[in-house]
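Here's the structure, in structure tokens; my notes come after.
The values are calculated or read from the model by the stated rules, or taken from the named source; none is laboratory data. Here the structure is a predicted model, which is why all the values come from computation and not from measurement. Glycine also receives a Cβ, built like all others from the backbone with ideal geometry; neighbour counts cover every protein chain displayed. Side chains included, ligands, DNA and RNA excluded: accessible areas come from the protein's heavy atoms. Shrake-Rupley method; radii C 1.70, N 1.55, O 1.52, S 1.80 Å.
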Amino acid sequence: MNVDLLAVGAHMGDEVAWGMALAAHRRQGFRIGMLHLTPGEKGHPSMSPEAYAEQKRGEAQACADLLGAGLWAFDYRDGELPVNEEVKFRICDVLREAQPKLVLTHWRGSMHKDHTAAADNLPDALFYAAIPGFERALPAHRGTRLLFGENWEDLRGYEPERYLQVLPEDLDAWERAMGCYALFRGGVSAFPYLDYYRALARTRGCEVGYEYAVTFAVPTEARRQRVTALLAAP
């Protein structure tokens, strides 16, 4: 399945941070997808990791269906996502299959080691996906841009640089999709995820004159912009 926008999250449910952006792009007619690197199965206060992983796989599929998103999922263990060539090449293979124009993932300044690992695996995975000399089952795909989404767990050094307008209907679609997860309905975690991200979208919107917005940081090298003048011609 080819997509225009691919969100790569460390855990099933991490799309809560950029689901509004996915919904906004779906509304605009873009093809969207999600790649989960682990189920995120160790966070339930009473269920075994095995049982919770099975539950989250069903929740992730239901969430993707409501958003109209393609879904890919790996089986690395929660809290144990490595940074190595195996992970990078597995992501590379998804990139070659999905052929996204844009990837969203975690900012590496995170309190969660899996989020940092996701961010650290992506640059090499994008490189491997783009170079024909790395022979894989599918041909190379290049031209994918990378942005880092705003996540309450990934705020060390995070600076918002791109503000994306989201509409009330995008928030509605996001909230319906996130409701597929028990994590966001209450009883699994005391953190009020939906309240937090809804309030954050309103705050970020106020900063730039939108009703609602979500923000992204860019890779350091993407800050370099070429211009021939600092002022438009008179």
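Within segment 154-167, can one find any residue that is in contact with a Pro (Cβ under 6 Å, 6 or more places away or on another chain) and outside any helix (DSSP H, G or I)?
In the first step, residues of segment 154-167 are kept if they are in contact with a Pro (Cβ under 6 Å, 6 or more places away or on another chain); the result is none.
Scanning segment 154-167, I find no residue that is in contact with a Pro (Cβ under 6 Å, 6 or more places away or on another chain) and outside any helix (DSSP H, G or I), so the answer is no.
Residue pairs, Cβ under 8 Å, 6 or more apart or interchain, first in segment 48-71 and of a type in the set (Ser, Thr, Tyr), second open to solvent by 10 Å² or more (accessible area, probe 1.4 Å). List them.
Once the first residue is of a type in the set (Ser, Thr, Tyr) and sits in segment 48-71, its partners that are open to solvent by 10 Å² or more (accessible area, probe 1.4 Å) give TYR52/GLU41; TYR52/LYS42; TYR52/GLY43; TYR52/HIS44.
So TRP174 ticks every box in (1) surrounded by 18 or more Cβ atoms within 10 Å (Cβ to Cβ); (2) farther than 24 Å from ALA62 by Cα; (3) of a type in the set (Phe, Trp, Tyr) but one. Which box is left unticked?
Answer for TRP174: the failing condition is (2).
Taking segment 192-226 as the region of interest, how many residues are in a loop (DSSP other than H, G, I, E, B) and modelled with pLDDT of 95 or more?
So in segment 192-226, the residues in a loop (DSSP other than H, G, I, E, B) come out as 192, 209-212, 218-219, 224-226.
Those still in the list that are modelled with pLDDT of 95 or more too: 192, 209-212.
Here the count works out to 5.
What are the residue pairs meeting all of these: first residue in segment 9-35, first residue at positive phi, second residue surrounded by fewer than 24 Cβ atoms within 10 Å (Cβ to Cβ), Cβ atoms under 6 Å, and 6 or more apart or on different chains?
GLY13/TYR181; GLY13/LEU183
Here is a yes/no grid of residues against (1) more than 18 Å from the chain's Cα centre (by Cα); (2) under 22 Å from VAL87 (Cα atoms):
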| site | (1), (2) |
| --- | --- |
| GLY13 | no, yes |
| ALA17 | no, no |
| ARG31 | no, no |
| HIS44 | yes, no |
| GLU50 | yes, yes |
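Report the residue count in segment 184-199 for those that are open to solvent by 30 Å² or more (accessible area, probe 1.4 Å) and in contact (Cβ under 8 Å) with a residue 60 or more places away in the chain. Quick ask: steps written out before the conclusion?
So in segment 184-199, the residues open to solvent by 30 Å² or more (accessible area, probe 1.4 Å) come out as 185-187, 189-193, 195-196, 198-199.
Filter again for in contact (Cβ under 8 Å) with a residue 60 or more places away in the chain, leaving 189, 193.
Within segment 184-199, residues that are open to solvent by 30 Å² or more (accessible area, probe 1.4 Å) and in contact (Cβ under 8 Å) with a residue 60 or more places away in the chain number 2.
Is there a residue in segment 127-143 that is touching a residue at least 60 places away in the same chain (Cβ under 8 Å) and surrounded by 13 or more Cβ atoms within 10 Å (Cβ to Cβ)? Before the answer, list the steps.
Just the residues of segment 127-143 that are touching a residue at least 60 places away in the same chain (Cβ under 8 Å), to begin with: none.
No, that holds for no residue.
Testing ALA137 on (1) part of a loop (DSSP other than H, G, I, E, B); (2) closer than 19 Å to SER110 by Cα, one condition comes back false. Which one is that?
Checking ALA137 against (1) part of a loop (DSSP other than H, G, I, E, B); (2) closer than 19 Å to SER110 by Cα, the one that fails is (2).
If SER110 passes every condition in (1) of a type in the set (Ser, Thr, Tyr); (2) in contact (Cβ under 8 Å) with a residue 60 or more places away in the chain; (3) in a loop (DSSP other than H, G, I, E, B) but one, which one does it miss?
(2)
Mind checking which residues of segment 81-104 are in contact (Cβ under 8 Å) with a residue 40 or more places away in the chain and either closer than 16 Å to PRO39 by Cα or of a type in the set (A, V, I, L, M, F, W, C) (or both)? Please lay out each step first, then the result.
The initial filter retains those residues of segment 81-104 that are in contact (Cβ under 8 Å) with a residue 40 or more places away in the chain, namely 81, 87-89, 91-104.
LEU81, VAL87, PHE89, ILE91, CYS92, VAL94, LEU95, ALA98, LEU102, VAL103, LEU104, listed by residue number.
Give me a count of the residues in segment 61-87 that are assigned to a helix (DSSP H, G or I) and either within 17 Å of MET1 (Cα to Cα) or open to solvent by 20 Å² or more (accessible area, probe 1.4 Å) (or both).
Count: 8.
Name the residue that is nearest to MET178 (Cα to Cα), counting only residues in segment 24-55 that are open to solvent by less than 10 Å² (accessible area, probe 1.4 Å) and in a helix (DSSP H, G or I).
ALA24
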